[in-house]
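Beneath this line is the structure, given in structure tokens, with notes to follow.
Every number in this text was worked out from the coordinates using simple rules, so none of it is lab data. As the structure is a prediction and not an experimental result, all values here were calculated from the model. Quick reminder, even Gly has a Cβ in these numbers, built from the backbone with ideal geometry, and neighbours come from all protein chains shown.
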Amino acid sequence: MNTTSNQRSALSQNSMLRSTVVPTVFADGAVLLDLRTKFFYQLNGSAWAIVQLLETTGIDPSTVLARTHDWGCRGDAVEEVRDFLKRLFEFDLLEEAEAETPPEIAAPATWTSPRIDRQAEPLHRLVTSAFDPSIPLAE
Amino acid sequence: MLSIQASRSPNDESDVRRFACGPLSVEIDSSVPEAFEALCAALELYRHDTETADAAKLEVKHATVNTVAAGTYLTCGRMLVDRDGDRIFASTQSGITVTRRSLEATWHVAIPTVSYDEPTIGDLEDVLSLVFTEHWRTAGLQPLHAGCAVSPRGTSAMLCAASGGGKSTLTVALIRDGWKTLGDDKLLVARGSGIARSLTRSFNIHPRATDWFEELAHIHELPRYSAWTEKRRVVIEDVWPGTSVAQATPQYVVRVVRDDSVGKWSLRSLTAAQLLATILDQVVIPNDRVVARAIMEAVTEIAGRTCGIELRLGSQAYERRGIAAALDAALG
């Protein structure tokens, strides 16, 4: 993946969550599972709020920054939101999309630095059976 | 195991038998006697619930289907599965195919001319796994490749590890010290209630377990679990009467890890993220957004109502008793 071009894209284009990425609410945030790569990602509450903006609608980064400003993200914290968007692109979780009106998303209870953690190892693509997710033993 | 006597269908060309696999009613209607026998043998190993949540039917016929699935929905060791809307098609390495044309109960199994050796029988079991998991999930039950044990104090813990990771041997060690079990590697967890149900009546145990458990002295005489392993199928109640339970609500998830560097064993708490990762490692998630979402919701439900513990097992873990008491203490 070309990180530089992705970072540039992150700051210029309308984007939305890839259709292959499945979000699920977990703890104070959410988990994203990318069905293409089988990697999953944990998001804290602020990160989940941002991702909800991008879940079904194409939005440009300035709209995301404006919305997070409404949620209490100010000063140096704005850069943290940009970094978070860059990480979404680096992980290839976003795709280009037509600009749309952003949805109404409830503000996080407390604004904290948006955080995304990728699980070290992806889930197995090749499994033993429909029941057993272990890697098949050699024949 | 609930089953009816095999009977001939009205056209007198096929054998019909009905089973219950957990809460799923399964009817086998086969015009291929060898396949009928192999499927029935596999189905005999499942427990049955008193309530039926869903029903499936396998129509088994002798036929050669010259189409191979691409594995877009699921890629298994010997089986590829495609899904297009509600239509599911799977093919195995031995040439067996299974088709579900819509959300109907009937699955059409086509079997070419094959020798019924262990790989072919394994392929038939893979077909059953596919049928079961689809129907169980529809009935609101999430399949988990995990064991579950209940301590003498009544605390339930799901035991998670990959195949060969030590779930069965640990379960035997716990049973020896008064725990009960829902099985060593197959559970169904109900969405909403979190109740785990036992699915099988047998353990798959490696013969080396006789080093620690004398009650398994005759394990070498038992049939192998599959072509790929030395493990033997041991019927729980035959060896440890009164130790199996049908259901429990797990309060803990125990990640079992082999680690020769720890000597006997070590225990530590898991973070929420580690707990979630542990459960995710025990489920199969097909490449379908709707199905994946339902599975992820089931997994996060389980993670939300349990605490996680990691149990690292050293090479001396079972040389002396004590692991059951240590785990019980760790469960609080």
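For B:K264, the lysines whose Cα falls under 26 Å of its own Cα, not counting residues fewer than eight places away in the same chain, are B:K167, B:K180, B:K231.
Does a label point 7 Å from the Cα of B:R258, set along Cα-to-beta-carbon, have any residues of region B:169-187 with amide nitrogen under 15 Å, and which are they? Under 15 Å, as judged by backbone N against the label point of B:R258, lie B:169-171 of region B:169-187.
The packing ranking, built from the mean of other Cβ atoms within 10 Å per residue, places the peptides B:113-119, A:113-119 in the order A:113-119, B:113-119, highest first.
The residues neighbouring A:E80, those whose beta-carbon lies less than 14 Å from its own, together hold a net charge of +2 under the Lys/Arg +1, Asp/Glu -1 convention. Straight-distance candidates among the lysines for linking to A:K86, with alpha-carbon spacing under 29 Å and chain neighbours fewer than 8 residues away dropped: A:K38.
3J(HN,Hα) along region B:145-156, derived from phi through the Karplus expression 6.51 cos²θ - 1.76 cosθ + 1.60 where θ = phi - 60°, amounts to 7, 8, x, 8, 10, 10, 6, x, 7, x, 7, 9 Hz, with x in place of Gly and Pro.
Counting only other chain Cβ atoms within 10 Å of each residue's Cβ, the peptide B:264-274 averages 1.
Per-residue ellipticity at 222 nm for chain B, helices alone: DSSP H runs ≥ 4 residues times -39500 (n - 2.57), over residue total, nearest 500 deg cm²/dmol?
It comes out at -7500 deg cm²/dmol, rounded to the nearest 500.
Among DSSP bridges having both ends in chain B, what percentage is antiparallel? Round to the nearest 5. Close to 65 percent. Binning the alpha carbon pair distances of region B:185-277 at 10 angstrom intervals from zero yields the distribution 13, 31, 38, 18, 1, expressed in whole percent. Summing charges over neighbours of B:W179, with a neighbour being any other residue whose Cβ is under 14 Å away from its Cβ, gives +2 when K and R count +1 and D and E count -1.
For the peptide A:117-127, the mean number of other protein chain Cβ atoms found within 10 angstrom of a residue's Cβ is 4. The mean number of partner chain beta-carbon atoms within 10 angstrom of a residue's beta-carbon across peptide A:28-40 is 3. Judged by the mean number of other Cβ atoms found within 10 Å, the most tightly packed of the peptides A:45-51, B:149-155, B:93-99 leads the ranking A:45-51, B:93-99, B:149-155. Based on the Stokes-Einstein relation at 25 °C and a viscosity of 0.890 mPa s, and on the Kirkwood radius from alpha carbon pairs, region A:1-121 is assigned a translational diffusion coefficient of 173 µm²/s. Model label points for A:D60 and B:N66, set 7 angstrom from Cα along the Cα-to-Cβ axis, are 5.6 nm apart.
Suppose a student asked you for the relative contact order of chain A, using Cα pairs under 8 Å spaced at least 6 residues apart; what percent would you report? Before the final figure, lay out the partial values.
Values: 224 pairs, mean separation 44.9, N = 139.
Relative CO of chain A lands at 32 percent.
In this label model, A:A77 and B:D211 are separated by 5.6 nm, measuring between points 7 Å along each Cα→Cβ vector.
Ranked by the mean number of other Cβ atoms within 10 Å of their residues, highest first, the peptides B:256-263, A:130-137 come out as A:130-137, B:256-263.
Report, for the protein assembly as shown, the % of DSSP beta bridges that are antiparallel, rounded to 5. Write down the numbers at each step before the final one.
Numbers: 69 of 98 bridges.
Expressed as a percentage, antiparallel bridges in the protein assembly as shown total about 70.
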